[in-house]
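The values are calculated or read from the model by the stated rules, or taken from the named source; none is laboratory data. Bear in mind that the values here come from a model prediction, so they are computed numbers and not experimental data. A quick note on method: Cβ atoms are made from the backbone with ideal geometry, for glycine too, and the neighbour counts reach across all protein chains shown. SASA here: full protein model, heavy atoms, side chains in, ligands and nucleic acids out. Shrake-Rupley method; radii C 1.70, N 1.55, O 1.52, S 1.80 Å.
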Amino acid sequence: MLLAEGLLFAGNQFVGHWFTPIVWTGYILFVDALVYQRKGRSLLVTDRLEFVIIVVISIGGWWLCEFYNAPRFWKSDLELWWHYHNLEPNPFLRRVGYDWAFATIFPLLFLTAEFLAATIFKRKDRGAAIKLSQPALIALIGLGALGAIAPLIYPSVWFAPVIWLSFILLLDPLNALRGWPSITGDLARGDWRRLYSLLASGAVCGVLWEFFNYWAISKWTYTVPYFGSVKIFEMPVLGFLGFPPFAVECWAMYIFLRSLLVSTSIQMSDGEIYVSSQEEVDGRG
């Protein structure tokens, strides 16, 4: 990370154009080492297969977000919220850059949340239990489905908050009803640690995303209708409110898609963010 920053400010064109995937790869290596030092396991040291699964889901998950951002076949004049600049002109290399950058999103969020769960929120006492009835969960799923479909039927620049919330409402209660780990299930037990860890991870990584992006050569900017000119780095200030729920949304997507790979549910320890090899063995047992 420090080397990338140094080369960027020294004017290195290669690093400037590929800065986002390079610096976030460094971040993943750094935080993974912190997680391993703290817990004796991590994605890159002991759970590499899970890391690959998370990377694949991460790429697919962000391409879904790209589809929402430009729902009419990615035409540049129809990008709704964020816009890329100074990209690699070779379309094949540009796709490599896209997928490399997108591959870092879920791992960096989950590793940061895992580290926070093992440190700041490790001794967090249980809070108030919020247990929703099955009809309430089904109603949330329906509301989430509506939120996921509406922006595709009627694309609008006003729907950005809907995108960051709808998949939480759609997938997390669904994960709970299917017996998989969920924030809904956590809150029913009064366990807020996983939610706190994910929200804090989204906030931390969101600030770093925008910080790293601001000076890069290949970068993104935003156009939104609400206080779009009041910015920190390139992000309109209200946009930072979207990063915490985005981390929760990514986790709900991961759990749902991960559940499709096995025939029985896997039970994760309280506060854990990703499935470990031992957890999968225990779950199948």
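Side notes on the structure shown:
- Segment Asp99-Ala136, extension gain: residue separation times 0.36 nm, minus the distance between their alpha carbons: 9.6 nm
- Nearest 10 degrees, 0 to 90: helix 193-214 Cα axis against the chain principal axis: 0
- Stretched out straight at 0.36 nm per residue, the stretch from Arg189 to Ser263 would grow longer than its current Cα-Cα span by 24.1 nm.
- Label-to-label distance, nm, for residues given as Leu2 and Leu238 (7 Å Cα→Cβ offset): 4.0
- Separation in nanometres of the label points that stand 7 Å from Cα toward Cβ, at Ser156 and Lys39: 4.0
- Surface per residue (accessible, 1.4 Å probe) for the chain, Å²: 48
- R0 of 25 Å, Cβ-Cβ distance Arg123-Thr46: FRET efficiency to nearest 0.05: 0.55
- Fraction of accessible area attributable to carbon and sulfur, region 1-83 (%, probe 1.4 Å): 70
- With Cα atoms, 0 to 90° folded angle of helix 48-69 axis to the chain main axis: 60
- For the chain, the longest principal axis of the Cα atoms and the long axis of helix 243-259 meet at an angle of about 60 degrees.
- Protection-proxy order for peptides 89-98, 255-264, each taking the mean of Cβ atoms within 10 Å per residue, highest first: 255-264, 89-98
- Calculated mean residue ellipticity, 222 nm, the chain: -20000 deg cm²/dmol, from DSSP H runs (n ≥ 4) at -39500 (n - 2.57) each, averaged per residue and rounded to 500.
- Loop-located trypsin sites (Lys or Arg not before Pro) in region 123-218 (DSSP state not H, G, I, E or B) with no more than 16 neighbouring Cβ atoms inside 10 Å: Arg123, Lys124, Arg126, Lys131, Arg178, Arg189.
- Computed on the Cα atoms alone, the convex hull of the chain gives a volume of 141 cubic angstrom per residue.
- Qualifying GluC sites (Glu not before Pro) in region 1-107, DSSP loop, other Cβ atoms within 10 Å at most 12: none
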